[in-house]
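Here's the structure, in structure tokens; my notes come after.
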């Protein structure tokens, strides 16, 4: 145990160790009820000045959304994903640096890059059960028909080709659902829309721009 503690605070492992300590403190604070589980959840968006055609920006946003969805981000609370990301990062860092006999901070940072890539896929696999759990919790007590006809707000940009995300308020509770538009319409973050139907095959809702 003492050897593990000594290895954890070596320069090569200090960054993943600090991240792990932050995660542990976070969960202790959550258990004590000081903060909520979703306190650090964020809406992911891409805001950039693009000189090229508008379609380039849409492709970039769609690509980013696809990557985030692939790793289950946006489908589960951010801190749950980070917990399953940081723990394998720390374990891999300690083991690799031990095998290499490395205690150098700079080399440890360099090794974090492939470590992060591997840990992302591990986190994706470990969080898959939570995706189903939170999806079920989000939809509990709600059916597709209760969403149809509701006004929504765009959280992640959407169009008729790429799935985005909208937020719907149903009886005081907010629900985030996957959505697309029709007829090549594009909706940016913050825009209001109307939920008009649900596609069972694609598991997404169809939204059209809403004008008051």
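The values are calculated or read from the model by the stated rules, or taken from the named source; none is laboratory data. Just so you know, these numbers come straight off a predicted model, no measurement behind them. Glycine also receives a Cβ, built like all others from the backbone with ideal geometry; neighbour counts cover every protein chain displayed.
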Open item on the list: Go through (1) assigned to a helix (DSSP H, G or I); (2) touching a helix residue (DSSP H, G or I) at 6+ places or on another chain (Cβ under 8 Å); (3) at pLDDT below 70 for residue 58 and report which single condition fails.
Closed with: (2)
- [ ] Please state which of the following conditions residue 202 fails to meet, knowing it meets all the rest: (1) surrounded by 18 or more Cβ atoms within 10 Å (Cβ to Cβ); (2) modelled with pLDDT under 85.
- [x] (1)
Open item on the list: Would you confirm whether or not the range 19-34 contains a residue that is in a loop (DSSP other than H, G, I, E, B) and at pLDDT below 75?
Closed with: yes
